[in-house]
Amino acid sequence: MIHPKDELLNKYIDNELDSNELNELNQLILEKPEISDELRSMKIVENTLKEIEIISAPEGITSKIMDVINRSTKTIRKKVPYLFYSVVTFFSIGILGLVGYAASLSRGESTAITETINEASKLIPKENKIIDNSIGFLSAIFSSKDIYYIGIVLTLLLLISAYILIDSHKQIKNKIEHFS
């Protein structure tokens, strides 16, 4: 915001004051004598600026500067997030291993788990019906082949959602790089 006093001083330096404004400036100088010092300083700056020799820029300087800038910019190679890719690969291999193991169990090799659960249930006293019923329930679940198919489907859904997540991450990253 320009102060009215500063506006009057600038107009005085530029010889743009009318008589009313000149009277107002004289009144300000009478009230505040430091304004006359400021006015003298502004006149010195104005005269100094008038004495400075104006040197024009050479022809085509802008294009020359832009050529130097364009030549000096180096192509930045994208950094590959090896850690991210290795973690995703590790988990993908692990999930595929679990799917393969579940598929091998669904072919009739699940009797070992069922036998282990049955042996554990024999060791628990029969007075405790809740534990006996829950172990029987777990044994029934793990002896069923349907649970393995459900596990396979859930694992595949997990893999698909991981792929979608990674792909959306790449798209967002590309959009951010495009704007910066």
**Asked** What residue, among those in the stretch 15-55 that are closer than 17 Å to Lys5 by Cβ and of a type in the set (Lys, Arg), is surrounded by the fewest Cβ atoms within 10 Å (Cβ to Cβ)?
**Response** Arg40
**Message:** I need a count of the residues in the stretch 72-98 that are at pLDDT below 70 and either polar (S, T, N, Q) or closer than 30 Å to Tyr149 by Cα (or both).
**Reply:** 2
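The values are calculated or read from the model by the stated rules, or taken from the named source; none is laboratory data. Keep in mind it's a predicted model, so treat the numbers as computed, not measured. Ideal geometry is used to build each Cβ from the backbone, glycine not excepted, and the neighbour counts take in all protein chains shown.
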